[in-house]
Each structure stands twice: as C-alpha cells, then as structure tokens.
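Asks: Encoded as structure tokens, here's the structure I'll be asking about.
Please treat every number below as a calculation from the coordinates, not as lab data. The structure displayed is predicted, hence computed values, not measured ones. FYI the Cβ positions are ideal-geometry reconstructions off the backbone, even for glycines, and counts take in every protein chain you see.
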DNA sequence: CTGCTTGCAAATGATTTGCAGGAAA
DNA sequence: TTTCCTGCAAATCATTTGCAAGCAG
C-alpha cells in the first residue's frame, strides 16, 4: 500500500494526515514482524529524528483504536504491534520470545465450521486466534 | 489441593516451603479467574499484611519458572496468572479486558488430530491455545 | 550452620499525561 | 479559523533489584 492510499484511510477515519502518522506507517511496513514500540521509535528516529517517542506511542494507540493495526501480546512484558489484519495465527517460542505469523485457511475453515454449530453459553464469538507454542527449528 | 500437597510440590521442585509461598498459593486458589499481581497482593495483604509486594512478585516468578502456574496476557498491559495448567482456551472480551476459561475436549481432539497430520515448516509444536474474542452476553 | 528467602526502599523502564505551540482542514 | 496533533518533560505505575536480616532444611 502506498502512503497515498494510507492517507486515504486516515481521512476516511476522520484522522488528520500528518508526517508523524505516515512515518509510523512506514516503519510498520518496514518492520512487519511484530515490532515493539521501541523498534518503531528507533526506526523512525533514523529518518525523522525530531519525531518524539510520545508521539509514536500516541500514534500507535490511535491506530489500534481505529483498527488500523492490532496489539499483540506475548508472555514477556512489552507491547507489540501487528499491521496485518487478516485472520492469522501465531507461532510462539517461549524461549526467546519470538513470534511468527501462521496462515492456514484450511484450519480457519475447520474452526469456523466448528463454531458455527457450537454455541458457547453466555459468549458471542467475533473472532479467534490460535497460538501455537513450540520451538523454531533451524 | 491442600496446602500439604502443595508443600510437597514445592519440596519436589527443590523450593523451600515458606508462609509467603503458601499464602500466594492460597490467594491463587481463591482468585482463580486470572488474577493480576495486584489482585493477589491485595488478597494476601488482608490476611498477611506483612508480606511485601516484592515478595509476591518474586514468588509468582518462581512459580512460573517452575511451571506451577502460567502467565497469561491480554492486550491490556498488566500481567495475569493462571493456576490451571490443563489444556484450556480463553474467552476474551476486548471491551472490558475480561477473560474466562473455556474447556472443550472435542475441539482439542480436532486440533490435535489436525496438527498430527499437518507439519509446519521450521516449527515444532508443543502446545496450542485458542483465544476466542467476542462479547459476554448477560 | 548455610544458602535460599524475605522485606524494604530505591531503581527501572515502558507507557501516559498535561500543556503550550503548531499544523491540517 | 478551529480543531486536532505534536513535542517536551514530568509523572505514573507495574515490575525489578540490591542488600541486610531472617528462616527453612
């Protein structure tokens, strides 16, 4: 997606188009693998040293609020962000706190069908994601 | 489980049995619904006002390290703990950051079978958990 | 005894916040 | 112009840490 298209998204959501927001978007594109806030701040500061960390935090919050990106959390303690909004799952290794995306349409189909029939009392399912815990093999 | 049995677990893991550890265990039993560290600290301080927060944090870390409990994380920012170690999934409502356990053996069977046949390149699955995102209906 | 644990208080570090000035629409 | 955003720096708050004293084994 070009920054032009991205600007359009911002406008559609009633958000102003600013250098800072485009920069965060740019950083998210470059570091697509579940970056931490710190990752993004450091990428941005290379090219735009004047953009402040506070602004990056605010921008990320704004994006999450408007469903432009998602928060992801592992069992370690920093927040990570995910710019991919399609349904996907996560491969997670506890040892080194590494995450990878995992796409599996067949699996999605099985789960969708399963939960179409199965109703859970007192809960309305809107989405699901599977976390596969294990080890990355070199 | 009685505290006597729990003491045995501690001993088996080479951990000393202390009032503080039993108190944390007791609090975990009482507040089984994914308590935050703060929940546990406050429960403990009612009965044992002299146990310090730092100790509770250390104890929780020790328990996680020795796989006595698990860390659970939602997309909000505080750590939660889970004293149930059986395979189970989570119902999660983003609106109020509420989690519930969800047990479903049929689902587990389907997933186990699916991943027995399906191999993921460069990843060895050890466990999985499903997060069902949605809303609790009153 | 002797080393693991605790309590305390200070330190850390990620994230938030308040506010005055700046920029988009 | 008017509202929304940004930068800055201070504040917050969960969690960690260092260390002397305490207790379990």
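Asks: One decimal, nm, shortest first: give the distances between the label point of residue A:118 and those of the same position in the other copies, each label point 7 Å from Cα along Cα→Cβ.
Replies: 1.5
Asks: Going 7 Å from Cα along the Cα-Cβ axis for the label, what nanometre distances separate residue A:14 from the same residue across the other copies?
Replies: Label point to label point, same position, other copies: 5.9 nm.
Asks: Now for a separate question. Need one value for A:72-85: mean number of C-beta atoms belonging to other chains within 10 Å of its residues' C-beta atoms.
Replies: Counting Cβ atoms of other protein chains within 10 Å of each residue's Cβ and averaging gives 2.
Asks: So between residue B:5 and residue B:45, what do we pick up on full extension, going 0.36 nm a residue minus the alpha carbon distance?
Replies: 12.1 nm
Asks: Could you let me know the centre-to-centre spacing of region B:22-40 and region B:68-92, using Cα atoms, in angstrom?
Replies: Here the answer is 12 Å between Cα centres.
Asks: What are the extents of the Cα atoms of region B:14-67 along their three principal axes, listed from largest to smallest and rounded to whole Å?
Replies: Here the spans come out as 29, 24, 17 Å, largest first.
Asks: For residue B:17 paired with residue A:110, estimate the spin-label separation in nm (one decimal), with each label point 7 Å from Cα along the Cα-to-Cβ line.
Replies: So the two model labels end up 4.5 nm from each other.
Asks: OK, next. What fraction of the DSSP beta bridges in chain B is antiparallel, stated in percent and rounded to the nearest 5?
Replies: 75
Asks: Mean projection of the alpha-carbon convex hull of the protein assembly as shown over all orientations, in nm²?
Replies: Result: 18.5 nm².
Asks: If we hang a label 7 Å off Cα along the beta carbon direction at residue B:101, how far is it from the matching labels on the other copies, in nm, shortest first?
Replies: Inter-copy label distances (nm, one decimal, shortest first): 3.4.
Asks: Based on DSSP H runs of at least 4 residues, each adding -39500 (n - 2.57), what is the mean residue ellipticity at 222 nm of chain A after dividing by all its residues, to the nearest 500 deg cm²/dmol?
Replies: Computed mean residue ellipticity for chain A: -13000 deg cm²/dmol.
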